[in-house]
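Structure, as structure tokens:
The values are calculated or read from the model by the stated rules, or taken from the named source; none is laboratory data. Remember, it's a predicted structure, so these values are computed and weren't measured experimentally. In this analysis, Cβ positions are derived from the backbone assuming ideal geometry, glycine residues included, and neighbour counts consider all displayed protein chains.
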Amino acid sequence: MTALDVTLREYGPALSIPLGSEAGRALATSGILQSATPDPGREGHWLLRAGSRVGAVRIPGGAVVRITPKTPVARLFFLLGFSLDPARAWRDSREGTVDTGAYDDIVPALAHAVERRIDSALRQGVLQGYREMEETALVVRGRLREAEQVRRHFGRTPPVEIRHDAYTADTDENRILRGAVEQLLRLPGVPGPVRRRLAHQRVRLADALPLIRGQELPRWQPSRLNSCYQPALRLAEAVLRGASPEHRPSTAEPLAVDGFLIDMNKLFEDFVTVALREALREHGLTARLQDPHHLDAAGLVGMRPDLVVRTGDGRTPVAVVDAKYKVEKADGLLNADLYQALAYATVLGLPEAHLVYAAGRQPERFHEVRGTAAGQDGRGVRLYQHTLDLSREPRLLLSALGELAGRLAATAPQPRS
């Protein structure tokens, strides 16, 4: 019997799909889809509707669920590449920084991109480093583990319990790369040629211990020694996080899936805020992402604007920005977003706040709030809604955000001469 292969569209209409009750309930509790409910009109069918997560997963029973994005795959991976490595992407914004080959589906493009990055990282050889090892040996090397010696061998020698530093390929960096390769080899839809190249990279990384599923990823530090690894590491970590259980609500039952998912809400927010932060540096300003504040004086109601622009010394707020992966309504108004932006401006003592949307009918809208004379000019708080069309070329996207950064910088107090 052929396993079911379902293709959904990001925020597309619900489809009635024949699914067993176990698979249907697993999807309903997973948080992968916007909704998964039994179809009241067709027994044995479930209505599945995708939300903001795109990619592919294999669920219990062997069924594969693919969610295609509205954004072209090449543009999606530009956003991902920029968010992971803005300095590199800023230098080469015309073509983006992630090589997706000729593939127009997320999983094949991702597998190709990761394999090419790993191959480039390993061209000068597999990175090695010193790691502290503990083992049982016949001769003393390094330091004797006295407590273990007594516990295991009652103080007799040999053998001896030792701890020593070994120069090995079992480094955190290689473990992450190997983990990403093994995860990609489990994904549904990886093309045969890419799968064979990934298997070759796994052999090259065989001296690194495999990652244990459910444990935190190893923490590596950028350095001169691993500089050629860094592009591959950032993309490999995105693979491992996109396949991790953190996509499920904490109250959900365990769901054994193999797959990769990108939350377009988070990706858009990361791209907008990182790009603005990089552009604001050219104006001598700093920016804090997810800057924590409280709405009330008692500090009970927390709030985290996506980006708070501050003066160069980081002390004084200058502007606030929130990114929204939404399409504006027919009347252009998203009231809850405007209330949120007004709250940010009020708490931070700013005369204006900015919202950046992924699509809209107008490049910009403007609202002046009644009864809020926040500026010296006597005008009320001003709320701006900007549209960032993700179908535009990368250089145009960055240019639009660069212009917005210039406007934000213009509101900053000028240093006294």
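So that you can scan it fast, the table gives a plain yes or no per residue for (1) farther than 21 Å from Glu269 by Cβ; (2) polar (S, T, N, Q); (3) modelled with pLDDT of 95 or more:
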position: Thr311; (1), (2), (3): yes, yes, no
position: Thr316; (1), (2), (3): yes, yes, no
position: Glu368; (1), (2), (3): yes, no, no
position: Leu404; (1), (2), (3): no, no, yes
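Residue by residue through the stretch 1-13, note down the ones that are under 23 Å from the mean Cα position of the chain (by Cα) and in contact (Cβ under 8 Å) with a residue 40 or more places away in the chain.
Result: Thr7, Leu8, Arg9, Glu10, Tyr11.
Being outside the structural domain of Gly55 (by TED's automatic domain parsing) and touching a strand residue (DSSP E or B) at 6+ places or on another chain (Cβ under 8 Å) is a property that Glu161 has. Evaluating Pro40 against the criteria (1) free of Cβ contacts under 8 Å to residues at least 60 places away in the same chain; (2) closer than 28 Å to Tyr103 by Cβ; (3) not small (Gly, Ala, Ser) leaves one unmet condition, (2).
Among residues of the stretch 326-347 being at pLDDT 90 or above and surrounded by 19 or more Cβ atoms within 10 Å (Cβ to Cβ), the one that is farthest from Arg382 (Cα to Cα) is Tyr344.
Determine which member of the set Gly41, Gly31, Gly12, Gly24 is of a type in the set (Gly, Ala, Ser) and closer than 15 Å to Val64 by Cα. Full working, then the answer.
Working: Gly41 fails: closer than 15 Å to Val64 by Cα; Gly31 fails: closer than 15 Å to Val64 by Cα; Gly12 fails: closer than 15 Å to Val64 by Cα.
Just one listed residue meets the conditions, Gly24.
Scanning the stretch 13-27 for residues that are surrounded by 16 or more Cβ atoms within 10 Å (Cβ to Cβ) and within 13 Å of Gly51 (Cβ to Cβ) gives Ala14, Leu27.
Across the stretch 189-203, the number of residues qualifying as surrounded by fewer than 16 Cβ atoms within 10 Å (Cβ to Cβ) and closer than 26 Å to Asn226 by Cβ comes to 3.
Annotation note: Cβ proximity below 9 Å between a residue of the stretch 14-30 that is farther than 15 Å from Glu43 by Cα and a residue that is basic (Lys, Arg) (sequence gap 6+ or interchain) occurs for Ala14/Arg49; Thr29/Arg248; Ser30/Arg248.
Each residue in the stretch 147-171 was checked for being under 30 Å from the mean Cα position of the chain (by Cα) and crowded, with 18+ Cβ neighbours inside 10 Å, and 2 pass. Looking across the stretch 172-188, the residues that are surrounded by fewer than 19 Cβ atoms within 10 Å (Cβ to Cβ), touching a residue at least 40 places away in the same chain (Cβ under 8 Å) and closer than 30 Å to Thr7 by Cβ come down to Arg186, Pro188.
So that you can scan it fast, the table gives a plain yes or no per residue for (1) in a strand (DSSP E or B); (2) under 30 Å from Ala102 (Cβ atoms):
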site: Leu8; (1), (2): yes, yes
site: Gly12; (1), (2): no, yes
site: Ala23; (1), (2): no, no
site: Ala28; (1), (2): no, no
site: Gly55; (1), (2): yes, yes
site: Leu79; (1), (2): no, yes
